[in-house]
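Structure first, commentary second.
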Amino acid sequence: SKLTGGNSYSYFDPKQQTLLDRQLSFESEIVRAIEKREFCAFFQPQLNGQGEITGAEALIRWKHPDKGLIPPYEFIPVAEQYGLIQALQDIVLEDICELLEILNELQLINEDFKLSINISHSQFKSSNFRSSLLNTISQFKVSSKQINLEITESMLSHDMNNTVKQMTEIESEGFSFSIDDFGTGYSSLSYLYAYPVNELKIDKSFVDRMLDKSGLSIVETIINLAKNLGMQVVAEGVENENQVMLLRERNIDIFQGFFFSKPLPLADYLVWHRGQVTA
Ligand code: C2E
Ligand code: CA
Ligand code: CA
Ligand code: CA
């Protein structure tokens, strides 16, 4: 048979074959990496206008033995596709609980301090989401009130009644919710009040564009919207003093970004946190 050649239709595309091979080998690599404990959470601090630490966001990292640190955008979609995302969430949540136990023990945090975890679409939609959260944290000396769940706008857009119901149940267990990357989705703003959401996180792309008049006005609009809805508002991806000043003038509640700290491994985060508290 004719496999390749000329302009004719080919039954076998060697390029496609390697892509499939690559994906399959990535899948088994992830399974292997879970077993070998190559995944962990890094933590990026969040600060209020007085410079006090109010929390941190957990961000997953893959410490690959040959390839080094692999960023989440390369493996989260693959993990999601192959049903491995739950295992990754458990690892991140366990790291969160481990850090919280230490911070509680050392009395380095007040009662409002929260660690945030990113929740993927498929996890959020799964029927055992709530029970798996509760199951994991029950193994640690932490309170659900110390854990915040970051979801995206697109997760809100389908099946409003069920989504509100599920979020309300999870909230009644003590967890809180943020909407991540706010402004990049297409949520119907008029319904935002109906969801039990504590916090809006302004996407980095808007923070980056604050020197333009239009970029600045988007940031202002989101801050005002959050305040009107009684929500807290976080600016993410804050990289320079100029942005800090503009955000401060507009009464942003919380800052997060490289200007303050990059995401840090657990041990380094603890050192940073202690330094900040005792400074
Ligand atoms: P995200 O939730 O929007 O996280 C913020 C991203 O911006 C992180 O990238 C963080 O390292 C980066 N960042 C923070 N401050 C700055 C800054 O000042 N400048 C710049 N240039 N970047 C900054 P990261 O860690 O590579 O994560 C990328 C995305 O992967 C996250 O975006 C999130 O959507 C996803 N992700 C990360 N960890 C998890 C996880 O545990 N579970 C799930 N489902 N998704 C995750
Ligand atoms: Ca996030
Ligand atoms: Ca974000
Ligand atoms: Ca983002």
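Specify the residue that is farthest from ALA87 (Cα to Cα); the eligible residues are those in the stretch 129-146 that are open to solvent by less than 20 Å² (accessible area, probe 1.4 Å) and of a type outside the set (S, T, N, Q).
ILE137
Scan the stretch 62-88 residue by residue and report those that are within 26 Å of PHE255 (Cα to Cα) and either touching a residue at least 40 places away in the same chain (Cβ under 8 Å) or of a type in the set (Val, Ile, Thr) (or both).
The answer is ILE70, ILE76.
Here is a yes/no grid of residues against (1) touching a Pro at 6+ places or on another chain (Cβ under 6 Å); (2) more than 16 Å from ligand 2 (Cβ to nearest atom); (3) open to solvent by less than 60 Å² (accessible area, probe 1.4 Å); (4) at pLDDT 95 or above:
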position: PHE182; (1), (2), (3), (4): no, no, yes, no
position: VAL197; (1), (2), (3), (4): no, no, yes, yes
position: ILE202; (1), (2), (3), (4): no, no, yes, yes
position: ASP212; (1), (2), (3), (4): no, yes, no, no
position: VAL219; (1), (2), (3), (4): no, yes, yes, yes
position: ASN224; (1), (2), (3), (4): no, yes, no, yes
position: VAL234; (1), (2), (3), (4): no, no, yes, yes
position: GLU239; (1), (2), (3), (4): no, yes, no, yes
position: MET245; (1), (2), (3), (4): no, yes, no, yes
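Out of the residues in the stretch 149-177 that are assigned to a loop (DSSP other than H, G, I, E, B) and closer than 14 Å to SER132 by Cα, which is least open to solvent (accessible area, probe 1.4 Å)?
PHE175
Can you name every one of the helices (runs of 4 or more DSSP H) wholly within the stretch 185-279 that holds 2 or more residues which are of a type in the set (Ser, Thr, Tyr), away from ligand 1 (no atom under 16 Å from the Cβ) and out of contact with any strand residue (DSSP E or B) (no Cβ under 9 Å at 6 or more places or on another chain)?
213-228
Residues of the stretch 51-89 being in a strand (DSSP E or B) and of a type outside the set (D, E, K, R), which ones?
ILE53, THR54, GLY55, ALA56, ALA58, LEU59, ILE60, TRP62, HIS64, GLY68, LEU69, ILE70
The values are calculated or read from the model by the stated rules, or taken from the named source; none is laboratory data. Bear in mind the structure is a predicted one, so any value in this text is a computation, not a measurement. Virtual Cβ from ideal backbone geometry, glycine too; neighbours counted across all protein chains shown. Surface areas here come from the heavy atoms of the whole protein model, side chains and all, with no ligands, DNA or RNA. Shrake-Rupley method; radii C 1.70, N 1.55, O 1.52, S 1.80 Å.
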